[in-house]
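Shown next, in structure tokens, is the structure this report addresses.
The values are calculated or read from the model by the stated rules, or taken from the named source; none is laboratory data. This is a predicted model, so every value here is computed, not measured. Quick reminder, even Gly has a Cβ in these numbers, built from the backbone with ideal geometry, and neighbours come from all protein chains shown. Only protein heavy atoms, including side chains, enter the accessible area calculation; ligands, DNA and RNA are left aside. Shrake-Rupley method; radii C 1.70, N 1.55, O 1.52, S 1.80 Å.
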Amino acid sequence: MGLGGEPKLLGRASEIETFIMNGEVTGEIEIEIEDEHGENPVIIRKLQRQDKPKSQFFFNGKTSNAKEVREICYDKYEITVSNLC
């Protein structure tokens, strides 16, 4: 989820808002990837439960989107988000 995966990938739920704690309006996932060069990137996914649930991505503090995050993870770190292994 934090690296741009869709909720249905986990087989737990198909809606993003189900990953926000009960009673809360927002949630956040923060992931730091250890880089061999010491440039550990931080990826944040903010989840919002409102009229229309949504999420926002940030890569090292800059606004991003799921596609960009998945591409960076694959190209630079060889992480395939759709492969749960």
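Could you go through the stretch 7-18 and let me know if any residue there is of a type in the set (A, V, I, L, M, F, W, C) and either modelled with pLDDT of 90 or more or in a strand (DSSP E or B) (or both). Scanning the stretch 7-18 turns up no residue that is of a type in the set (A, V, I, L, M, F, W, C) and either modelled with pLDDT of 90 or more or in a strand (DSSP E or B) (or both). Hey, does the stretch 57-69 have a residue that's open to solvent by 50 Å² or more (accessible area, probe 1.4 Å), modelled with pLDDT of 80 or more and assigned to a helix (DSSP H, G or I)? Yes, there is a match, as at least one residue in the stretch 57-69 is open to solvent by 50 Å² or more (accessible area, probe 1.4 Å), modelled with pLDDT of 80 or more and assigned to a helix (DSSP H, G or I). Got a number for residues in the stretch 19-30 being outside any loop (DSSP other than H, G, I, E, B) and open to solvent by less than 60 Å² (accessible area, probe 1.4 Å)? The number of residues fulfilling the criteria is 3.
Residues that are over 15 Å from Leu3 (Cα atoms) and in contact (Cβ under 8 Å) with a residue 12 or more places away in the chain within the stretch 36-48 comprise just one, Gln48. Within the stretch 31-56, the set of residues being in a strand (DSSP E or B), open to solvent by 70 Å² or more (accessible area, probe 1.4 Å) and either in contact with a Leu (Cβ under 6 Å, 6 or more places away or on another chain) or not basic (Lys, Arg) (or both) comprises Glu32, Gln56.
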